[in-house]
Amino acid sequence: MSDEEERLVKIRTRFEDLCRALNMDEEASTEAWSSYENISRNFTLEGSELHWLACALYVACRSSVPTVGKGTTEGNYVSLTRVLRCSHISLIEFFSKMKKWQDMAKLPQDFCQSTDKLERNFTVSAVLFKKYVPIFRSIFKTPSEEPLRVHRSRKQRRHPCSVSELFNFCWVLYVHAKGNFPMISDDLVNSYHLLLCALDLVLTNALLCSARRDLLNPSFKGLPEDFSSRDYRPPPGPLCFMEQLCELHDGLVLEAKGVKEHFWKPFIKKLFHKRILRGKEDSLSGFLDPMNFGDSFLSLSRLYEEQVLASGGLDERIFTGEGASEDIGTPEPSLCEEVENQDSTLYRLHTSLAASVLKVSTPLTGRKYVQEVRLASPLSTAMKSVGRLHTLLSGTRYGPSSKLTQILRGCSRDPSDVISQRLKDMLDIFTQHHEDSSDDSKGMEKDMAVKFFHLSEALYYRILESIVEREKMILGDADLSCILEQDVFHRSLLACCLEIVTFSYRPPGDFPRVIHTFQLPAYHFYKVIEVLVRSEQGLFREVVKHLNQVEEQVLESLAWTSNSPLWHSLQSAQVPTCQEVMPPQYLEQNEDSGGAGVALTPASQGPDSTITGVSPSPTTLQDRYGSPPTGGFRRRLFVDPTEGETSATRTPPSSVTKPSLIATIPAGQTVVATATVTANNGQTLTIPVQGIPNENGGFTFIPVQVGGATLQPLPAQNLTSTLAVQSAVTKPVTKAVSSPLRRGSLSLFFRKVFHLASVRLRDLCVKLDIPTDLRRKIWTCFEHSLVHSTDMMKDRHLDQLLMCAVYVMAKVTKEDRSFQNIMKCYRTQPQASSNVYRSVLISGSTRPSSTTDTNQSSSSDSRKDPGQKSMKAGGDISPGLTCSSSTLVTPQPSGDSSSSAVDGGEEERGDLIHFYNDVYIKQMRQFAVRYSRSSPSTGADPPPLCPYPTSRTGSPRRMLLSSKHSIYISPHESGSAPCPALPRDRICYYICSSPPNRLQEINSMIRTGETPSRKRSIPLDKETSPKRVCPDNHTALLRRLQDIANDRSSSR
């Protein structure tokens, strides 16, 4: 017998012992062992084999099993807690390995979602149990203060409950109630209020039962004032301490009372009616009586056990058990443990790890703006988020305000009725997706959905009003009917508001479920995110972070699915380069950029290059939703019509003498030319100009700055001679010169994509210790793959192309970085997911014969390298380009997916190295080897390096610090001086430059509501006093205008 066979025999023996200990049925055992054998054959399983067997058993137990009289159940009545204890694996470690097992076993999406929900339920309970212990200790006495129990005879079996028993009873009552409401079981805010309801019920029962008032802590601030007197009698009528508990422990009173009325009271009444809780059903009291407590606790525990076994969930009594630390994997708070021990640094570290599922990580693109708060409580964050949401919506109604109604009626076509009907239809769709089939909680999930939708509707109308006002400020008195009739905009705006509400109650949200519910394309949905954030200044910081994550998910993968409208847009427009969409001030300009072929546009040369020639990003809805895609018919303005075209499509003759050169200019770009102007005295002057296509089919010529002088735009009639158009095909350098910024929604999308990719690549290069010159080569390779091989992104992830670009360029430049190290550094990024490198599309969905690919190849031929279409897997490429055998996991054999059809059907997936060898390097080999000095195929010079986006600094937007006062914080460059021309009712404080008494003035203004009397500032357009000449006034104005221009040109 070989060593491998002997090892399998030992593992099989341990597995059989585990099944006997769990009393596992034969069918589940056989299925679990077969799954383990298959996965261990194809993957390297690190760690204890018993832990992986526990994962296999859990999957087998969760199969639907028919039962007698109860239909089907999700489990075979084997407790997950028993599986983990017999397997000697902690709960946190189980969830970690279960995620890897799901990837390796390729389990269905429904099963993965149920496991994620189970982990979220556990995390919510872990966070709330940490909160439950100090609250219980503040209301009731500690066990050390409890008097010793008197030994009773056998006839006197009934005895009053102890504080420890009451602690366990209250927790079991809460987790059983939470399990009966799956719609709020992973809802952190509502689950916390449900816990307060359980504490409120136990507290009122202790007060109403005269024999059990000794359980209460006399120093509890929520007790009645005369509680300590001997003659204290509870007042008539029902008691309620929800307001006191919410005030003392950071609850939301309205939310807590809503949970108590709609969820808690009906549930408790049902328990009294079924005799689970013994006592008075009318007053919901009496279960703490010595004659009732024992039977009530026993019946409640049995009922909860049945619920856990039937649902296959986690027995959350694990938190109160003796071995809670070992079973869970982190130290948990104890009732008898001192508070100072529970607040230690090590304890908080472990609890923060336990709550990592609910944590909202700051994306890399936002870490310069919002610092990571690692030890912040998820509960406090969620409560602040919901509180800010309610403050934001205070005073609003479920409908448009009078001001918004007046604006809508002022349009040429009033969209009010269409908006109202659209909201009703979306409400019906949303409630249909949240109807609960359970008889016990029938209708409750629908009620929660209606509540969320109404909150979202109020937020929708508030933000819509802000957006419309902003549009009117930009467009003036223009009619907004066309903008307000954009159906996809309104549906996206409401869906985004729903995501905000859902995230506030259930961090970290459940995106992209909301766009799937309303069948919204992610490519259209993301456009509304920036509009919403810029229009609503009162959003909570965590909400903004979450919306940043949502936008990144769209940019990295969701917008690149095969059914995305993005591919339809690319049929009429080619993918722009980074330099064509990124403002010049956001591109790195190295000293050696001239040798690399990177040149500044003429408009960006000169003393004011930071604001001159910059095309601002689309900031209006018309630009984002109404502008046609760049390309298509506009690109064919000066091309002779082909056969079959009518003469009406011909462009009128133009004054340009070289139409063959102008025909190659893409739409949206300008013509760089020289013009000869003749003055009245006969003198001539040759100046460089830019020709921008106008709406009439001609060109508007704008002179380029010469020596810092500013010239006015010239009409075409003033050009007395022909235009010498600079050729754009002689060198790649001149191609960059004649390519100003492209505008439109497609250009904005790629600008955001390039910015996101540059931030992630910069982080990877820092962690991999990659020098700057190699980083620029990697960036050039990535940009080439995105521009010329766009089809590689279809149904794939942006990070996959980034990691492949890092590997291939490190290989050709002899600075090897293994895939193992690349993936290791990638996993440290906040957005990292194992699916990105474990499950990559190889073939099946991406087809090279699509119309998009045909158009893409034809539209980018002018930018492709010779021989780009004839790339082969073999050839004279050096073996260094193929990946090494050191992989994270053993990839699946190709025979498992050999049935993938070319025309659809199945799709073949593999790990990232499989994708690199079979797909990526076949398309990128010829481009990559041109940077290798030792390769014999590099006869020509290496391609010019593409400019790398810079690292942006400063706050991305003006933020409202208080919902009650108009206090804002906005970015300010350290080198610019404060602008003195300010309205008298405003006070500005510039950090590190303003005098300290300015803060006192701001505080006085907030307290009194009046602006302190200050001397009026001298406007810049007037003459300054001769006693004090200030030559920097003009510079300060230019800097202020520069800040405004930079803010408008930035899409972030």
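The values are calculated or read from the model by the stated rules, or taken from the named source; none is laboratory data. Because the structure is predicted, anything quoted here is derived from the model rather than measured. Note that we place each Cβ from the backbone using ideal geometry, even for glycine, and neighbour counts take in every protein chain shown. Side chains are part of the model used for accessible areas, which takes the heavy atoms of the whole protein and leaves out ligands, DNA and RNA. Shrake-Rupley method; radii C 1.70, N 1.55, O 1.52, S 1.80 Å.
What the table below lists for this structure:
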quantity: Overall form of segment 3-107 per C-alpha gyration tensor (a/c, 1.5; a/b vs b/c); calculated: prolate
quantity: Cβ-derived FRET efficiency at R0 41 Å, Glu4 paired with His433, nearest 0.05; calculated: 0.25
quantity: Residues of segment 393-559: accessible area per residue with a 1.4 Å probe, Å²; calculated: 40 Å²
quantity: Peptide ranges 191-203, 9-21 listed from the most packed, as the mean C-beta count within 10 angstrom indicates; calculated: 191-203, 9-21
quantity: Share of carbon and sulfur in the accessible heavy-atom surface of segment 3-107 [1.4 Å probe, %]; calculated: 48 percent
quantity: Rounded, prolate or oblate (a/c below 1.5 giving rounded, otherwise prolate when a/b exceeds b/c) for segment 393-559 by Cα gyration tensor; calculated: prolate
quantity: By accessible area with a 1.4 Å probe, ligands and nucleic acids excluded, highest first: order of Arg986, Arg817, Arg413; calculated: Arg986, Arg413, Arg817
quantity: Two-site FRET efficiency, Cys988 against Ser210, from Cβ-Cβ distance with R₀ of 45 Å, rounded to 0.05; calculated: 0.10
quantity: Rough spin-label spacing in nm, given labels placed 7 Å along Cα→Cβ, for Ile474 and Thr517; calculated: 2.9 nm
quantity: Per residue accessible area in Å² of segment 3-107, where ligands, DNA and RNA are left out and the probe is 1.4 Å; calculated: 52 Å²
quantity: Chain lengthening between Ser401 and Arg233 when straightened (0.36 nm per residue, less Cα-Cα); calculated: 55.5 nm
quantity: Count, lysine Cα pairs under 27 Å in segment 393-559, 8 or more residues apart or across chains; calculated: 13
quantity: Solvent-accessible area, 1.4 Å probe, carbon plus sulfur percent, for segment 393-559; calculated: 48 percent
quantity: Among the listed pairs Lys131/Lys265; Lys767/Lys824; Lys767/Lys811, those beyond 20 Å (Cα-Cα); calculated: Lys131/Lys265
quantity: Residue-by-residue Karplus 3J(HN,Hα) for segment 482-491, coefficients 6.51, -1.76, 1.60, Hz, glycine and proline x; calculated: 4, 6, 6, 9, 6, 5, 5, 5, 5, 5
